[in-house]
Amino acid sequence: MSEPRCLLCGDPQQPSEYMYESASALEDHGVTVDRMEWNGDLDAAAFRDVTMDMEERGPNDYDASDIVENVGDATMLVVHKAPVSRAVLEAGEDLEVVAAARGGVENVDLEAAEDHDVTVLHAPGRNSNAVSDYAVSFGLAAHRRIPEFVATTGDGEWNLEFDPAGLPRDVEHLTVGIVGFGNIGRKVASRWNGFDPEVIAYDPYVDDDEMREHGARSVSLEELLAESDVVTLHVRLTDETKHMIDAEAFDRMGEDALLVNTARGGLVDTDALVEALRSESIGAAALDVFEEEPLPEGHPLLSLPNVLLSPHTAGSTRDAVLNGSRIVTEDLLAILEGEEPTNRVV
């Protein structure tokens, strides 16, 4: 690359100043690094609505005029969730690389990138530690009813129980079922294994030996639902996985089973979940994600006693934010040195 220029396009979730903490290393290789923000004035809730919608509709329906104006002679463009539409790629006549500092690339028009011979990078696993930590913590908190005891004790109650029938079991006597055994699923297995339960997993794209190497026994989805005391979801939302946990799935689960979802709300049929919780055909749920976010006032999940709710925050740690730009910067440096990047999409 001659006279390379990198444009960092931050957003409310990952401002360019945080991108620059890693991307400044490009300057040691003669790269000029410029910064801008996309929708920088939006609050967290409004920006979440925009980006969740973009995951379904793609980047071309969104206003990228600010990026078009700034991309100019940039040879590299680093974004988080800003749209890299066909218009952006056409305006960036010198663009050679687009890097999405996140795991997914739903905000990048991959077909247009290929048409313009632009390499696309991403940052898989950037928040895998954050999500897996949260998923296991959430599950443990729900199993031991920690939020309930914290709340009631803070209200002046002293709700001790002595009847063994009403007490939770030690974790080592549980069976934990992991649905999806990719980067996050494997880290979830590692964390749960530290408490010594039986860990089983379902993922049709991962072979049995690989699961065993990461501390899980491979089973079918039907077996997992029937055997698990804790069912924890770690798959992407696709046409294939939408509502994979439905009324039939809840019928297979035990009456004391706990569902943990820190992946995507659409994996679960919400109406079926509400009915399962109301009828106590399953024990409880711990949910960080929902089909409709935020939950509207009066939503039935808000009034059920056997559910824990949090605001899609499992992947939100400082390190997760910094990891995205760190991972893509390493690949940009590799390209500058004539090497093949690790995390190429196209």
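The values are calculated or read from the model by the stated rules, or taken from the named source; none is laboratory data. Nothing here was measured: the structure is a model prediction, and the numbers come from that model. We place every Cβ from the backbone using ideal geometry, glycine too, and count neighbours over all the protein chains shown.
Considering (1) assigned by TED's automatic domain parsing to the domain that holds Val188; (2) hydrophobic (A, V, I, L, M, F, W, C); (3) surrounded by 15 or more Cβ atoms within 10 Å (Cβ to Cβ), say which one Val321 fails and leave the rest.
(1)
Anything in the range 32-52 that is hydroxyl-bearing (Ser, Thr, Tyr) and modelled with pLDDT of 95 or more? List them, or say none.
We begin by selecting, within the range 32-52, every residue hydroxyl-bearing (Ser, Thr, Tyr); these are 32, 51.
Answer for the range 32-52, where residues must be hydroxyl-bearing (Ser, Thr, Tyr) and modelled with pLDDT of 95 or more: just Thr32.
List the number of the failed condition for Thr51; all other conditions in (1) farther than 20 Å from His312 by Cβ; (2) buried (at least 19 other Cβ atoms within 10 Å of the Cβ) hold.
(1)
Only residues that are among the acidic types (Asp, Glu) and more than 16 Å from the chain's Cα centre (by Cα): list them for the range 35-68, please.
Kept after step one, since they are among the acidic types (Asp, Glu), are these residues of the range 35-68: 37, 41, 43, 49, 53, 55-56, 61, 63, 66.
Within the range 35-68, Glu37, Asp41, Asp43, Asp61, Asp63, Asp66 qualify.
Go over the candidates Thr342, Thr238 one by one and state the one that is polar (S, T, N, Q), out of contact with any strand residue (DSSP E or B) (no Cβ under 6 Å at 6 or more places or on another chain) and not assigned by TED's automatic domain parsing to the domain that holds Asn183. If you could, list the steps in order and put the result at the bottom.
Values: Thr238 fails: not assigned by TED's automatic domain parsing to the domain that holds Asn183.
Testing whether each residue is polar (S, T, N, Q), out of contact with any strand residue (DSSP E or B) (no Cβ under 6 Å at 6 or more places or on another chain) and not assigned by TED's automatic domain parsing to the domain that holds Asn183 leaves just Thr342.
Could you list all residues from the range 59-95 that are at positive phi and either among the aliphatic types (A, V, I, L, M) or crowded, with 24+ Cβ neighbours inside 10 Å (or both)? Show your work before the answer.
Here is the first cut: in the range 59-95, the ones at positive phi are 72.
None; the set is empty.
So which of Arg278, Arg264 is assigned by TED's automatic domain parsing to the domain that holds Ser137, surrounded by fewer than 18 Cβ atoms within 10 Å (Cβ to Cβ) and of a type in the set (Lys, Arg)? First the steps, then the outcome.
Details: Arg264 fails: surrounded by fewer than 18 Cβ atoms within 10 Å (Cβ to Cβ).
Within the list Arg278, Arg264, the selection yields Arg278.
Could you grab me the full set of residues in the range 141-170 that are part of a helix (DSSP H, G or I), without any contact (Cβ under 8 Å) to a residue 60 or more places away in the chain and either of a type in the set (Gly, Ala, Ser) or under 30 Å from Thr241 (Cα atoms) (or both)?
First, pick out the residues of the range 141-170 that are part of a helix (DSSP H, G or I): 141-143, 146-154, 164-166.
Filter again for without any contact (Cβ under 8 Å) to a residue 60 or more places away in the chain, leaving 146, 148-154, 164-166.
Listed by number, the residues that qualify are Ala151, Gly154, Ala165, Gly166.
Is there a residue being closer than 16 Å to Arg252 by Cβ, touching a residue at least 12 places away in the same chain (Cβ under 8 Å) and out of contact with any helix residue (DSSP H, G or I) (no Cβ under 9 Å at 6 or more places or on another chain) anywhere in the range 225-234?
We begin by selecting, within the range 225-234, every residue closer than 16 Å to Arg252 by Cβ; these are 225-233.
Right, trim to touching a residue at least 12 places away in the same chain (Cβ under 8 Å) and you get 225-233.
Within this subset, residues satisfying the condition of being out of contact with any helix residue (DSSP H, G or I) (no Cβ under 9 Å at 6 or more places or on another chain) are 227-228.
Scanning the range 225-234 turns up at least one residue that is closer than 16 Å to Arg252 by Cβ, touching a residue at least 12 places away in the same chain (Cβ under 8 Å) and out of contact with any helix residue (DSSP H, G or I) (no Cβ under 9 Å at 6 or more places or on another chain).
Tally the residues that are touching a residue at least 60 places away in the same chain (Cβ under 8 Å) and either acidic (Asp, Glu) or out of contact with any strand residue (DSSP E or B) (no Cβ under 9 Å at 6 or more places or on another chain) (or both), restricting the search to the range 303-319.
Qualifying residue count for the region: 7.
I'm trying to understand the selection: among the residues of the range 29-47, which are among the charged types (D, E, K, R) and in contact with a Leu (Cβ under 9 Å, 6 or more places away or on another chain)?
To start, the set of residues in the range 29-47 that are among the charged types (D, E, K, R) comprises 34-35, 37, 41, 43.
Asp34, Arg35 - these are the residues of the range 29-47 that are among the charged types (D, E, K, R) and in contact with a Leu (Cβ under 9 Å, 6 or more places away or on another chain).
Tell me yes or no: at least one residue of the range 240-249 is closer than 29 Å to Gly58 by Cβ, touching a Gly at 6+ places or on another chain (Cβ under 8 Å), in contact (Cβ under 8 Å) with a residue 40 or more places away in the chain and surrounded by fewer than 17 Cβ atoms within 10 Å (Cβ to Cβ).
no
Quick test of your reading of the structure: Ile178 fulfils all but one of (1) out of contact with any Ser or Thr (no Cβ under 7 Å at 6 or more places or on another chain); (2) closer than 19 Å to Ala285 by Cα; (3) crowded, with 18+ Cβ neighbours inside 10 Å. Name the failing condition by number.
Looking at each condition in turn, Ile178 falls short on (1).
Could you check Gln14 against (1) farther than 26 Å from Ile184 by Cβ; (2) surrounded by 23 or more Cβ atoms within 10 Å (Cβ to Cβ) and say which number it fails?
The one condition Gln14 does not meet is (1).
Only residues in the range 289-302 that are over 24 Å from Val131 (Cα atoms) count as the first member; pair them with residues that are part of a loop (DSSP other than H, G, I, E, B), Cβ under 8 angstrom, at least 6 apart or cross-chain, and list the lot.
Filtered contacts from the range 289-302: His299/Glu292.
Of the residues Glu55, Glu3, only one is at positive phi and either assigned by TED's automatic domain parsing to the domain that holds Asp239 or modelled with pLDDT under 95 (or both); which? Don't jump to the end; show me each part of the working.
Values: Glu55 fails: at positive phi.
Sole residue among the options that is at positive phi and either assigned by TED's automatic domain parsing to the domain that holds Asp239 or modelled with pLDDT under 95 (or both): Glu3.
Residue under question is Leu332, and the condition is that it be at pLDDT 95 or above and either in the same structural domain as Leu140 (by TED's automatic domain parsing) or assigned to a strand (DSSP E or B) (or both); does it hold? Break it down stepwise before answering.
On the way: at pLDDT 95 or above: yes; either in the same structural domain as Leu140 (by TED's automatic domain parsing) or assigned to a strand (DSSP E or B) (or both): no.
When the stated conditions are applied, Leu332 does not pass them.
Among the residues of the range 34-44, are any within 19 Å of Leu333 (Cβ to Cβ), surrounded by fewer than 19 Cβ atoms within 10 Å (Cβ to Cβ) and touching a Cys at 6+ places or on another chain (Cβ under 9 Å)?
Going through the range 34-44, the residues within 19 Å of Leu333 (Cβ to Cβ) turn out to be 34-35.
Checking the rest, the ones that are also surrounded by fewer than 19 Cβ atoms within 10 Å (Cβ to Cβ) come to 34-35.
Still in the list and also touching a Cys at 6+ places or on another chain (Cβ under 9 Å): 34-35.
Yes: one or more hits.
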